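The values are calculated or read from the model by the stated rules, or taken from the named source; none is laboratory data. The structure displayed is predicted, hence computed values, not measured ones. Neighbour counts run over all protein chains shown; Cβ positions are idealised from the backbone, glycine included.
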């Protein structure tokens, strides 16, 4: 192995990446832009959801419930309705996502000690938001009912005493249940995956299109030496990008790694072995850069992102599709990076994920080098 030749080849490839505006944008700037846009836009929290109120009772009890909804940070009361006929147009036009319907005799039922029924009309076209809105409105109604029960008991017996079970949740790792803590490591993993596959999938194809592949064939470089020269610059630039993205996530969103950086960076490097290996393997099959981009998109979108658990929970997929996700390296890396980033997990806590990411990277890289070596002969 001639280290001097490999070092010179890596230096040449790195300088080409930095000189090429398109490659510079893909490898250096696209991950930063994706982090800022995705974490800011892909919020799973419910905040200021637009709702309307149809209060047919108009008593102090109904006004108390409306006040609780209006003062909640989760809702914004857009309209106060007067008839049922106004509900459907608002939902169809998307003005509100829910309508709280307080029937007549609501206050009378409460004062009589009976359960008062309250209707909630939800826009089911967005099932996730509808579920969250329904749960939050139900919690507000139950909280109001419990507070009235406590007041009534206090008037009758002094201090109220209830037997039963009191649930006191305690959330670890993300006490405020903010989606940005969930999204930052996932976006970091996705941007690494997207940029490295897109960049490395053009590595050999570009040489073929500009006519320099024949010059590489006649050099003393062997397949694995050429592979190192092609992917090493992306290792360096990706490490730099990961550092910048983590700093930006800390400054912009207040999210920083809870685990050790001595575990986080090796995990990233192992995953880079997988993503760069996939890109290099694609490059050995594609004949043009356009064909390489199409093949890379096939791997990135349906196979890697949709089935990795980034967009949809794996446990909600059909069983046969869950079995298919075991072939996706991003599945294991998402568990790995979230464990280190959010929980401060150690090596032994996630040793299975470490093993799978390393095994996948070694396998696909070996296959890519074998294919490349055959093309150079």
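Condition first: assigned by TED's automatic domain parsing to the domain that holds residue 359, modelled with pLDDT of 85 or more and closer than 18 Å to residue 10 by Cβ. Can you find one or more residues in the stretch 248-255 that meet it?
Checked against the condition, which is being assigned by TED's automatic domain parsing to the domain that holds residue 359, modelled with pLDDT of 85 or more and closer than 18 Å to residue 10 by Cβ, the stretch 248-255 yields no hits at all.
Look at residue 113 and say whether it is in the same structural domain as residue 59 (by TED's automatic domain parsing), touching a residue at least 12 places away in the same chain (Cβ under 8 Å) and loosely packed, with under 13 Cβ neighbours inside 10 Å.
So residue 113 fits the description; yes.
Does any residue of the stretch 274-290 turn out to be without any contact (Cβ under 8 Å) to a residue 60 or more places away in the chain and either outside any helix (DSSP H, G or I) or crowded, with 21+ Cβ neighbours inside 10 Å (or both)?
no
Answer yes if at least one residue in the stretch 187-200 is over 21 Å from the mean Cα position of the chain (by Cα), farther than 25 Å from residue 49 by Cα and modelled with pLDDT of 70 or more, and no otherwise.
Looking for residues that are over 21 Å from the mean Cα position of the chain (by Cα), farther than 25 Å from residue 49 by Cα and modelled with pLDDT of 70 or more, one finds at least one in the stretch 187-200, hence yes.
State the number of residues belonging to the stretch 314-357 that are part of a helix (DSSP H, G or I), surrounded by fewer than 18 Cβ atoms within 10 Å (Cβ to Cβ) and in contact (Cβ under 8 Å) with a residue 40 or more places away in the chain.
1
Is it the case that the stretch 167-183 has a residue that's touching a helix residue (DSSP H, G or I) at 6+ places or on another chain (Cβ under 6 Å), more than 30 Å from residue 293 (Cβ to Cβ) and at pLDDT below 75?
Taking every residue of the stretch 167-183 in turn, none turns out to be touching a helix residue (DSSP H, G or I) at 6+ places or on another chain (Cβ under 6 Å), more than 30 Å from residue 293 (Cβ to Cβ) and at pLDDT below 75.
Considering only the stretch 223-236, state which residues are farther than 18 Å from residue 329 by Cα and either surrounded by fewer than 22 Cβ atoms within 10 Å (Cβ to Cβ) or modelled with pLDDT of 90 or more (or both).
The answer is 223, 224, 225, 228, 232, 236.
Can you pull out the residues in the stretch 119-140 that are within 23 Å of residue 311 (Cα to Cα), in contact with a helix residue (DSSP H, G or I) (Cβ under 6 Å, 6 or more places away or on another chain) and without any contact (Cβ under 8 Å) to a residue 24 or more places away in the chain?
124 - this is the single residue of the stretch 119-140 that is within 23 Å of residue 311 (Cα to Cα), in contact with a helix residue (DSSP H, G or I) (Cβ under 6 Å, 6 or more places away or on another chain) and without any contact (Cβ under 8 Å) to a residue 24 or more places away in the chain.
Residues that are surrounded by fewer than 20 Cβ atoms within 10 Å (Cβ to Cβ), assigned to a helix (DSSP H, G or I) and out of contact with any helix residue (DSSP H, G or I) (no Cβ under 6 Å at 6 or more places or on another chain): does the stretch 306-313 have at least one?
no
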